[in-house]
1. For THR20 and LYS133 in one chain, what is 0.36 nm times their gap in residues minus the Cα-Cα distance, to one decimal in nm?
2. Have a look at LEU11, THR70, ILE134 and report the one farthest towards the positive end of the charge dipole of the chain, computed about the Cα centre with Cβ charges (Lys/Arg +1, Asp/Glu -1).
3. What FRET efficiency comes out for the pair GLU123/ASP46, r = Cβ-Cβ distance, R0 = 30 Å, nearest 0.05?
4. Using the crude model of +1 on Lys and Arg Cβ and -1 on Asp and Glu Cβ, and no other charge, please compute the dipole size for region 3-141 relative to its Cα centre, in debye to 20.
5. Return, ordered by residue number, the residues of region 39-70 whose backbone nitrogen is under 15 Å from a label point located 7 Å along Cα→Cβ of ILE101.
6. Kindly provide log₁₀ I(q)/I(0) values, in the same order as q = 0.18 Å⁻¹, from the Debye equation applied to equal alpha-carbon scatterers of the chain.
7. Starting from the Cα-Cα distance between ASN74 and ASP88, subtract it from 0.36 nm times their residue separation and give me the gain in nm to one decimal.
8. Count of lysine pairs in region 29-101 with Cα atoms under 16 Å apart, counting only pairs 8 or more residues apart in sequence or on different chains?
Amino acid sequence: MITDRKLIQTLEFAKSQLTTLEKKPWKTHCSLDIGGVKINLHTCNDMEKIINAAKLLLADYYSHEHTLETLSLNGGKYNYLHSGFTIDDWVSDLKQRVLIIQHKEKQDKINNSIKELEAMTSEEFKQVEKFSKIESMLSSL
């Protein structure tokens, strides 16, 4: 049988897993339009759309590189840019958006678990916990 004490310990552990994601500055303007796929990296939460945009971007990049090699134009003068930004900048921003989405999904799962655990804890135990907190606060004065 699961005790209220065990539920509270699990709840406290779940809350300790909540973290904030370090926000890094974006390297592009975050508005990617390639091959008919348009996404805003600030707002897009559709992982498939991000993957498809990345595939199109990388295909375009590798096609560009292969073309330069075929035409013996490998000298840096014709570097690949998409909307004025390098492939490294775009890949960095795409990776950042993926991390943001994954972090949000994890945080949502943790928050849902916390809600479920709180719902499972008895009212009597919650009152005892509140009383203990107030008692320890007053004794520290």
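1. Working: separation 113, 0.36 × 113 = 40.68 nm, distance 2.66 nm.
Value of the extension gain: 38.0 nm.
2. Ranked along the dipole, the leading option is ILE134.
3. Values: r = 41 Å, r/R0 = 1.37.
In this case the efficiency is close to 0.15.
4. Working: 19 positive and 20 negative charges, 36 e Å.
For region 3-141, the charge dipole is close to 180 debye.
5. 39-57
6. -1.02
7. Numbers: separation 14, 0.36 × 14 = 5.04 nm, distance 1.80 nm.
3.2 nm is the gain from fully extending ASN74 to ASP88.
8. 4
Computed from the coordinates by the stated procedures, all read-outs in this text should not be read as laboratory data. Everything numeric in this text was worked out from a predicted model, so none of it was measured. All Cβ positions, even for glycine, are placed from backbone atoms using ideal geometry, and neighbour counts span all protein chains on display.
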